[in-house]
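As structure tokens, the structure follows; a few thoughts come after it.
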């Protein structure tokens, strides 16, 4: 039986600083009271520390990270949990989205 690998479809090129910040957020979220978020954060943290690839190109150092689609959704869930208390909004972007969609439909 042959062994096959599937490379995650989403590739993110990030600076060392951004990589460190992302891992710090995941580290903090491993202590989240919500067990689901805590487990996802720990799993992503372990994956990023094991499979991310440090690279150098044109005297620039960066990190390549690859995600599967479900991991991107997990990352959004974790990040939204981090900012839920911090971020507010002044504009109803959902209303703008609806207006844009209606305008798009009218132009078809």
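Values in this text are rule-based calculations from the coordinates and carry no lab data. This one's a predicted model, so the numbers in the text were calculated from it and none came from an experiment. All Cβ positions, even for glycine, are placed from backbone atoms using ideal geometry, and neighbour counts span all protein chains on display.
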- Checking 91, 27, 14 against a Gaussian network model of the chain (alpha-carbon springs below 10 Å), the top fluctuating residue turns out to be 91
- Query: Which value in deg cm²/dmol, rounded to the nearest 500, describes the helix-derived mean residue ellipticity at 222 nm for the chain, given -39,500 (n - 2.57) per DSSP H run of n ≥ 4 and division by the residue count?
  - Reply: -18000 deg cm²/dmol
- Message: For Cα pairs less than 8 Å apart in space and 6+ apart in sequence, what is the mean separation divided by the residue count of the stretch 10-106, i.e. the relative contact order in percent?
- Response: 31 percent
- Once you have the Cα-Cα distance between residue 96 and residue 14, take 0.36 nm times their residue separation minus that, and quote the gain in nm to one decimal. 26.4 nm
- Message: Helix 93-106 against the longest principal axis of the chain: what's the angle in degrees, Cα atoms only, rounded to the nearest 10?
- Response: 70 degrees
- Gain on full stretching of the segment that runs from residue 56 to residue 104 - 0.36 nm per residue minus C-alpha separation: 13.0 nm
- Task: For the stretch 10-106, build the convex hull from the C-alpha positions and give me its volume per residue in Å³.
- Result: 160 Å³
- Task: Estimate the FRET efficiency between residue 6 and residue 43 by the formula 1/(1 + (r/R0)^6), using the beta-carbon distance for r and 22 Å for R0, to the nearest 0.05.
- Result: 0.80
- Query: Between 58, 70, 32, which gets the highest mean-square fluctuation from a Gaussian network model of the chain, Cα cutoff 10 Å?
  - Reply: 58
- Please determine, in degrees from 0 to 90 and to the nearest 10, the orientation of helix 35-51 with respect to the longest principal axis defined by the Cα atoms of the chain, where the helix direction is its Cα long axis. 50 degrees
